[in-house]
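Following: one structure in C-alpha cells, then a few remarks.
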Amino acid sequence: MVIASVSTRGVLRIHSRDKEMVRLGSSAGDIKRLTPEAITRGVQTLKRFATVARQHGAEVRAVATSATREALNRDEFIDRVRRECGIDIEVVAGSEEGRLIYLGALHALPILTKRALVIDIGGGSTETVIGYQGEVAYVHSAKLGHIRLSKRFFPDAVITDDQIEMCRRAIKGDWTPIFQTLIAYGFEYAIGSSGTAMAIATMTLARQGKRIPESLNALTISRNDLLQTIATVVEARTLEQRKALPGLDEKRADIIMGGALILEQAIIGLNIQELTMSGYALREGTVFDTVQKQRDIDEYHHLSHLRYQSVDHLCDLYRVHRPHAEHVKNLCLRLFDDLQPLHRLADRERELLEAAALLHDVGYHISAEQHHKHSDYIIRNSPMPGFTNDEAEIVATVARYHRKSYPKKKHEWFTALSASEQQVVRVLAAILRICEGLDRRQQQLVTSVRAVYTDQSIEIFMTSPMGLPDIELWGAERRKGLLEEVYGRKVRLLLHTM
C-alpha cells in the first residue's frame, strides 16, 4: 500500500507505505484457485490497509493482478473484500498492469525521452514494457512469477541441478519469442522494478560490502554484478543457506530462486548490460493514473485522454459511423446528467456510458444481424488501455443491450457481474437504448434532449428542427421499457416546443 498525494506539478508526496507478503496466489502450479487461507490473509490485510488509508482521508483504489485475474474463484475474494472492507477491487489485464508499471517508472526516473525497457517480476507474472515519450510502445505479460515458478519447480527443502535446469528451460521456452520482439523494438535503457529486482540489487550491494541506502531508486548495476549475485542464489540449495545470504530478507528466501532465474534469463536473453532500479512501479503508477483521470474528468467532463484513445482506436479499426456514434453519446450524457439524482452514479459510470455509446455499433464490422452481440464480443476481446477488466466488461455488456433483449439472468456475461455492476449495466443500457432509438435514421434529426421526472413519470423532451421526428419517436418508444423497469416510472417522449 502507498498513501500519496500529487502536486499540481506532478510531484508525488508519499505520506505512508506499508507492505505485507500475503501470497494470494500461493497454490501449487498454475494459479487456478485462491485457497481459503490466502483469501482470509488478503481480506485481513486489506482491512488494516483500509483503516490506515481512511485515517489519512485518502480515496482508496485497489488493483488486483495475476493471482486474482487467473483465479476461477476470484469473485469469492472480490465479494468478501467488498463486504468486509468496503473496497471495490479492480482486476487489471496484464497489458494494463504493464502500462501502470511504466507510468510509475516514468515518474521515478528521467526516461521520458529515452526508449526504455521496464521489467517487473511479480509473484504470478512478469511484465515487460517498452515506452517512449510517455507512451507504451509494447507491453507483454508472461505467466512467469517468483511465487509461481518457486512453487512449480522448487517445492522441496533441497534444490537440485535438474530442478534449476528445468526452470531455466521453462523460462526460455515461454520468453524467447517475446525477447525477439523486444529486441526488434529496441531500447536504450533497462529498468528493474518491484520486489525481485530490488532484492537482487540489495544483495549485490551487501555482497560488495557497500552501504545499503534507504532508497534504491536510480541505482544502476552492471550485468556482471547482477549475474554474480544471481549465481550466489543458485548455489544456495537449502532454505537455510538462502536465509543466510547477505542482504536478503528472510521472508523472500523460499521464493527468491524463481525470481532470480527470471531476472537471469532476461539479462542474458535481452543482452542487458546494466539495469537501473525504479523506486516506483505499479502502486505509484496507479496513484498517478488515478489523479490524471480525475483531472481529465474535472477539466473536460468526458473520457480521460488514455481511455478516449482506446475507444477512438476501436472506432477507427472497426469503421464505426462516427456522426451517429458521437450524436448518440451526446444524447446519452445529457440524459445521464438529468437523471443523476435518480441513479446516483458518478463520473466513472458516466465514462463507461460514453465508451459504450461510441462503441455500441462496432459489431457491424462482423455482421448487421445480431450486431449487438458482435459488439459485445469485440469490446470484450480487445485490448483497452486505461480500462480495468471489470470496466471493459461493463462497457461490452451495456453495448450488448443497446437493442433487442433486456438483461436477463440466463445471460452468462450479465450474471457473472456483481449485483452492483448489474445495476450499473441496467441503468446505462436503459439510457443507451432510448438514445440509440432517437437517432434511428442516423441523421441527427433529434438535436438535443432533456429529462424531467416526478414520482410517477419521466418525461424526455426532444428538440428537432423538422417537427415531430416520427421514425425516431417510434425507435425510442420501442426501447423505453428498460428505463421504465429500472425506475418504476412511466416514460413519456415529448416534442419540445420553443
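Note on the range 149-224: Cα convex hull, mean projected area over all directions, 7.2 nm².
How big is the C-alpha Rg of the chain next to the rule-of-thumb value 2.2 N^0.38 Å, as a ratio? Numbers along the way, then the final one.
Values: Rg = 25.6 Å, N = 498, 2.2 N^0.38 = 23.3 Å.
For the chain, the normalised Cα radius of gyration is 1.10.
My understanding is that a pair violates if its Cα-Cα distance is over 26 Å; which of LYS19/LYS172; LYS293/LYS410; LYS373/LYS409; LYS409/LYS490; LYS293/LYS480; LYS151/LYS243 do that in this structure? The pairs that break the limit, which is 26 Å between Cα atoms, are LYS19/LYS172; LYS293/LYS410; LYS293/LYS480. For Cα pairs less than 8 Å apart in space and 6+ apart in sequence, what is the mean separation divided by the residue count of the chain, i.e. the relative contact order in percent? That works out to 11 percent. Can you tell me how the range 34-191 classifies by the Cα gyration tensor, rounded, prolate or oblate, using a/c under 1.5 as the rounded cut? Because a/c hits 1.5 or more and a/b fails to exceed b/c, the range 34-191 counts as oblate. If one takes the longest principal axis of the Cα atoms in the chain, at what angle in degrees, from 0 to 90 and to the nearest 10, does the Cα axis of helix 305-317 lie? Relative to the chain, helix 305-317 is tipped by roughly 70 degrees.
I need the calculated FRET efficiency for the pair MET166 and SER382, taking r as the beta carbon distance and R₀ as 35 Å, to the nearest 0.05. Before the final figure, lay out each step's value.
On the way: r = 36 Å, r/R0 = 1.03.
Once rounded, the FRET efficiency stands at 0.45.
For the range 146-232, which trypsin sites (Lys or Arg not before Pro) are both in a DSSP coil and crowded by at most 16 other Cβ atoms within 10 Å? Mind dumping the intermediate values first?
Working: sites: ARG148, LYS151, ARG152, ARG168, ARG169, LYS172, ARG207, LYS210, ARG211, ARG223; in loops: LYS210, ARG211.
Of the trypsin sites (Lys or Arg not before Pro), the ones in loops of the range 146-232 whose Cβ has at most 16 other Cβ atoms within 10 Å are LYS210, ARG211.
Using the Cα coordinates of the range 301-495, the gyration tensor eigenvalues translate into equivalent-ellipsoid semi-axes of 24, 19, 16 Å, sorted from longest to shortest. Secondary-structure-derived ellipticity at 222 nm for the chain, considering helices only, amounts to -16000 deg cm²/dmol, per-run term -39500 (n - 2.57) for DSSP H runs with n ≥ 4. From the largest down, the range 94-284 spans 46, 38, 28 angstrom on the principal axes of its Cα atoms. Restricting the range 112-215 to GluC sites (Glu not before Pro) that sit in a DSSP loop and have at most 11 other Cβ atoms within 10 Å of their own Cβ leaves GLU188, GLU214. Regarding the range 2-91, what is the average projected area of its C-alpha convex hull, in nm²? Averaging across all directions leaves 6.3 nm² for the Cα convex hull. With a simple spin-label model that places each label point 7 Å from the Cα along the Cα-to-Cβ direction, the separation between GLN228 and LEU495 comes to 8.6 nm. Between ALA416 and LEU112, the modelled label-to-label distance comes to 4.0 nm, taking each label 7 Å out from Cα in the direction of the beta carbon.
Work out the FRET efficiency for VAL60 and ARG322 from their Cβ-Cβ distance, taking R0 = 35 Å, and round it to the nearest 0.05.
On the way: r = 37 Å, r/R0 = 1.06.
E(calc), rounded to 0.05, equals 0.40.
Among the trypsin sites (Lys or Arg not before Pro) within the range 399-442, which fall in a DSSP loop and have no more than 13 other Cβ atoms within 10 Å of their own Cβ? Mind showing how you got there, number by number?
On the way: sites: ARG400, ARG403, LYS404, LYS408, LYS409, LYS410, ARG426, ARG433, ARG440, ARG441; in loops: ARG403, LYS404, LYS408, LYS409, LYS410, ARG440, ARG441.
Here the sparse-neighbourhood loop sites are LYS404, LYS408, LYS409, LYS410, ARG441.
Mind checking the angle between helix 256-269 and the chain's longest principal axis? C-alpha axes, 0 to 90 degrees, to the nearest 10. It works out to around 80 degrees.
With q set to 0.17, 0.18, 0.20 Å⁻¹, the log10 of I(q)/I(0) for the range 384-477, from the Debye formula over equal scatterers at the Cα positions, is -0.84, -0.90, -1.00.
Relative contact order, whole percent, for the range 343-498 stands at 18, derived from Cα pairs under 8 Å and 6 or more residues apart. Compared with the dominant Cα axis of the chain, that is its longest principal axis, helix 347-359 is turned about 70°.
Only the coordinates and a few stated rules stand behind these numbers; no lab work does. Worth saying up front: this structure is predicted, and the values here are computed from it rather than measured. Every residue, glycine among them, receives a Cβ derived from its backbone with ideal geometry; neighbour counts consider all protein chains shown.
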